[in-house]
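Novice: Starting off with a structure, shown below.
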Amino acid sequence: MPAGSPQAHRQTSLAGLLARHAARTPDALAIIHPDGDRKEPSGRAAYASVDYAELASRVATCSAGLEAHGIRRGTRTALLVPPGGDLLTLVFAMMHLGAVPVVVDPGMGLSRMLDCFQRAEVEAFIGVPAAHVLRRLRPRAFAGVQSRVTVGRTDGSGLTELIALGTDLGELPAAETESDDLALIAYTTGSTGPAKPVELTVGMLRGMADSAEEGHFTDELTTTLVTMPLMGVFDLIAGRMVVVPKMDMARVGAADPAALTDAIGRFSVTAMFASPALLAPLAAHLAMVGTLLPSLRLVISGGAPVSPGLMRELRAVLTDEARVYSTYGATEALPMAQLESRAALTWLAEGPAAGLGVCLGRPAPGITLRTIRITDGPVPHWTPDLPTAPGEPGEIVARGPAVSPRYFRSPQADAEHKIQDGDDRWHRTGDVGWIDAEGRIWFCGRKSHRVRTADGDLHTVLCESAFNAHPAVQRTALVGIGLHGRQQPVVCVELAPGTDPAQWPRIEQELRGLGTSNPMTKPITHFLPHPGFPVDIRHNAKIRRELLAGWAEDRLTGRLRPTAGDLALRALPLAGWAYIGAWPFLPWDHPALTALWWVDFFLSVVAHAAQIPAALDAEQELATGRTPRATAALTMIFGATWWRTALRRRKAAST
């Protein structure tokens, strides 16, 4: 363990740990980040660097500048800055002050993101110019904001004014913090339920850093590739060099694997944390170009389980000594369990096919995991009869330093997800699983996703594995339609790339055969092909089954089939486009017809284009699998007439 690891300084604040590294190794590089959009003569992305002394100086002066803007200890602050050197500097500056960043995933959609900021009652706003435009357009979400700070791009110059202001004022002493002090409010993505404001305390952040350090890192791992900002914070307090690649961290699945490969090789990266959605194309790219990554000794993946196939692909492009971990966690508790690839590729990989579920590994350092009886109601206190018997499925609960003690001003969420046990609290994960005799945790699916039929509950992961074995299937998703206790199970199917959709009738019959041969899946009789499952944006991996369930019910009931009134309504924008196309034949000396043409042009082009963001949000809710380009094209032609009535009917049916 590095001498400056978090474990060695439990009573020191995270900003204080950064300052210690700056004092001990001032010239050591702290952050390497893209130098804006600048490129080297070779065409590669240009990078800039910041050493620990300079980073600590920026943190100190930025904190003074923020304080001058009215951001102080406990100030809840909306932080809308792209991941990179500037964001890491601002996070440490706020920790130095004791201010509280409020972090919301933009991938959840604009309206939900704004609702999160409004519920958190943010008091300050730090963002790039585009974010401030949003603040002005949606003032209700930021009604309590008293302090506003504008920063620029992530090229290292974005904090210039803030740093200059802080330099003139002089450095501030670091705020003294206790373990239970609020350090950060992070909203869950809402991919498995409503987005909830999680309180990350100072002690929890230390617990997360300690667990990651003890479970994964050794002294020779000195350089990390960061694809999740919080991991960069933990790396910096441990004294490592952080490399921020050229990518959009809000859309990890769209990252360029060639750019990632270049960053790993150029800076001799020894460790990285990434989602399977990023690792899969990276491994495929490395295999295609025949490139190995000899410096990379540690790969940690989170957000979704790493499949055995992906683990094999990663091992093929890494050295034999490299370790690949799949980690299990949540915003409320990270990490909870971990599984290294060598163990995962033994008989454990056959767990899904054997009806055991997906093996998540053993509890992470400092974490205690149990399973309790499945119930949808609150469990206020821990009792001796609450845990399930060994090997029996139940809801997974967690306790430890890396577990959030509460939600921010959300007593209902606390009642639903926390169990008091003396002075401790257990967190209810909402995941169903079981623990084997060796202490390994097996995942069976989300509690809220279980299909509750008249004959009993069906768990998603246990059932889907039977159908995922089909060679023409990319993945499946089990959903339930109807009332709880009488739900009808439906399997949505994503076909493997290259599969001819015309083969669906044959594939459907074969899937029925697989289902009837397994007692667990025998009740499933409905199968629907889907062009592309809706997934969470943060990890690009978690299937949004609640949206798929609505789509499946629409398909089976036909409730969204356009009515005669719908078709008549859609004819209006078509008539408008026809009138625009008739401009060569119009008498332009007729003022009324000319004015009508310009009004029609404005409504058909400008107004329809303005409706595209709302249409994209609606498409996410309708979950048809339509591409953003197709959604935009339909909106330009029909405006909101093609989706608004469908979304209204969907919402009416769900209430």
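Novice: With a Cα-only, solvent-free Debye model of the stretch 348-467, what are the log10 I(q)/I(0) values at q = 0.18, 0.23 Å⁻¹?
Specialist: Each listed q corresponds, in turn, to -0.98, -1.39.
Novice: Would you mind checking K246/K418; K418/K447; K522/K542; K418/K542; K447/K522; K246/K542 for any pair whose Cα atoms are more than 27 angstrom apart?
Specialist: As for pairs spanning more than 27 Å Cα to Cα, those are K246/K418.
Novice: Which value in Å is the Kirkwood Rh of the stretch 13-177 over different Cα pairs?
Specialist: Numbers: mean 1/r = 0.0607 Å⁻¹.
Evaluated over the stretch 13-177, this radius sits at 16.5 Å.
Novice: Could you tell me whether the stretch 220-266 comes out rounded, prolate or oblate from its Cα gyration tensor? Rule is a ≥ b ≥ c as square roots of the eigenvalues, rounded for a/c under 1.5, then prolate if a/b exceeds b/c, otherwise oblate.
Specialist: Verdict is oblate for the stretch 220-266.
Novice: Quick one: order E619, E332, E176 by neighbouring beta-carbon count within 10 Å, fewest to most.
Specialist: Fewest to most other Cβ atoms nearby, the residues stand as E176, E619, E332.
Novice: When a/c is below 1.5 the answer is rounded, else prolate if a/b is larger than b/c, else oblate, so apply that to the chain with a ≥ b ≥ c taken from the square roots of the Cα gyration tensor eigenvalues.
Specialist: Taking the square roots of the gyration eigenvalues as a ≥ b ≥ c, the chain is oblate.
Novice: Is the C-alpha gyration tensor of the stretch 564-654 telling us rounded, prolate or oblate? Criteria: a/c under 1.5 is rounded; beyond that, a/b larger than b/c is prolate, otherwise oblate.
Specialist: prolate
Novice: Put one equal scatterer on each alpha carbon of the stretch 118-277, apply the Debye formula with no solvent term, and list log10 I(q)/I(0) at q = 0.11, 0.20 1/Å to two decimals.
Specialist: At q = 0.11, 0.20 Å⁻¹ the computed log10 ratios are -0.64, -1.53.
Novice: A further question follows. Just to check, using Stokes-Einstein with a Kirkwood Rh over alpha carbon pairs, what's the diffusion coefficient of the stretch 403-518 at 10 °C and 1.306 mPa s in µm²/s? Before the final figure, lay out each step's value.
Specialist: Working: Rh = 17.0 Å.
In µm²/s, the coefficient is 93.
Novice: Viscosity 0.890 mPa s, temperature 25 °C: Stokes-Einstein D of the stretch 58-132 from its Kirkwood Cα radius, in µm² per second?
Specialist: It diffuses with D of about 195 µm²/s by this estimate.
Novice: Here's another thing I want to ask about it. Over the chain, what is the percentage of antiparallel beta bridges among all DSSP beta bridges, to the nearest 5?
Specialist: Details: 54 of 88 bridges.
Around 60 percent of the beta bridges assigned by DSSP in the chain are antiparallel ones.
Novice: With equal scatterers on the alpha carbons only and no solvent term, can you work out the Debye log10 of I(q)/I(0) for the stretch 499-630 at 0.10, 0.16, 0.18 1/Å?
Specialist: Results for the stretch 499-630 at q = 0.10, 0.16, 0.18 Å⁻¹ read -0.57, -1.02, -1.15.
Novice: Right, something else. Can you give the three extents of the C-alpha atoms in the stretch 451-557 along their principal axes, from longest to shortest, in whole Å?
Specialist: 38, 36, 26
Novice: Order these peptides, 502-509, 568-575, by their mean beta-carbon neighbour count within 10 angstrom, highest first. If you can, show how the numbers build up before the last one.
Specialist: On the way: 502-509: 12.8, 568-575: 14.6.
Going from most to least packed, we get 568-575, 502-509.
Read the figures in this text as sums done on the coordinates, not as results from a lab. Keep in mind that this is a model prediction, so the values were computed, not measured. For neighbour counting, all protein chains shown are included, and Cβ atoms are generated from backbone atoms with ideal geometry for every residue, glycine included.
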